[in-house]
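**Q** Got a structure for you, written out below as structure tokens; questions coming shortly.
The values are calculated or read from the model by the stated rules, or taken from the named source; none is laboratory data. For clarity, every value in this text was computed on a predicted model and none was experimentally measured. Note that we place each Cβ from the backbone using ideal geometry, even for glycine, and neighbour counts take in every protein chain shown. All accessible areas refer to the heavy atoms of the entire protein, side chains included, with ligands and DNA or RNA removed. Shrake-Rupley method; radii C 1.70, N 1.55, O 1.52, S 1.80 Å.
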Amino acid sequence: MILFVDDERRRMDSYVQDLVLSGHKVEFKSDVDSALKFFVENQTQIKLLILDIMMPTGVSFDDDQTHYGLRTGIAFYQKIREENPSLPTIIFTNVSDENLAEEISRGSNVLFYQKDNFLPFELEKEVRKILNIE
């Protein structure tokens with residue numbers, strides 16, 4: 001199962017639909033609180049996390065942890081890594097911070113992709129590679 005977390009559901013619908021039509025089971029969450037709860041309850045079934053960076057903090061994180069929402073996805077990612085350090089993750093965002101992209105890409109099993117550079121079928125192709133699906 002893929003856990004897809006992004007606060008812009010309508011903009012991500014075509015990506016989610018393409019993943020589903022390609023045979024992937026996708027659980028979409030539009031806020032970090034429900035995503036964190038879902039992760040805790042289903043972490044053994046989750047094979048991939050796709051995550052935005054800029055999202056509202058919710059109650060799970062405070063403004064300082066998330067730079068007032070500018071890095072909520074990073075705080076979420078770090079929390080998930082505490083529970084499952086090897087979970088493959090795609091940071092899928094419009095944030096164009098090269099230093100952040102470089103820092104994230106140094107981690108194991110994590111990729112940093114800008115939304116503007118990927119059409120839905122291209123993201124699905126990357127997902128297939130990550131999950132070793134022919």
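**Q** Can you name the number of the only condition in (1) in contact with a Phe, Trp or Tyr (Cβ under 9 Å, 6 or more places away or on another chain); (2) at pLDDT 90 or above; (3) surrounded by 15 or more Cβ atoms within 10 Å (Cβ to Cβ); (4) more than 16 Å from Val32 (Cβ to Cβ) that Pro88 fails?
**A** Going through the list (1) in contact with a Phe, Trp or Tyr (Cβ under 9 Å, 6 or more places away or on another chain); (2) at pLDDT 90 or above; (3) surrounded by 15 or more Cβ atoms within 10 Å (Cβ to Cβ); (4) more than 16 Å from Val32 (Cβ to Cβ), Pro88 breaks only (1).
**Q** If you take the residues of the range 15-52 that are open to solvent by less than 30 Å² (accessible area, probe 1.4 Å) and under 11 Å from the mean Cα position of the chain (by Cα), which of them is farthest from Tyr77 (Cα to Cα)?
**A** Taking the candidates together, the pick is Phe28.
**Q** Shifting gears a bit: Determine, yes or no, whether Ser60 is small (Gly, Ala, Ser), in a loop (DSSP other than H, G, I, E, B), within 24 Å of Asn117 (Cβ to Cβ) and open to solvent by 10 Å² or more (accessible area, probe 1.4 Å).
**A** So Ser60 does not fit the description; no.
**Q** For the range 113-134, give me each residue that is open to solvent by less than 80 Å² (accessible area, probe 1.4 Å) and basic (Lys, Arg).
**A** Within the range 113-134, Lys115, Arg128 meet the criteria.
**Q** Turning to a different aspect of this structure: Taking the residues in the range 63-85 that are at pLDDT below 90 and part of a loop (DSSP other than H, G, I, E, B) as candidates, determine which candidate is most open to solvent (accessible area, probe 1.4 Å).
**A** Filtering first and then ranking leaves Tyr68.
**Q** Taking the range 91-112 as the search range and keeping residues that are under 17 Å from Asp6 (Cβ atoms) and open to solvent by 30 Å² or more (accessible area, probe 1.4 Å), which one is modelled with the lowest pLDDT?
**A** Per the stated criteria, the residue is Ser96.
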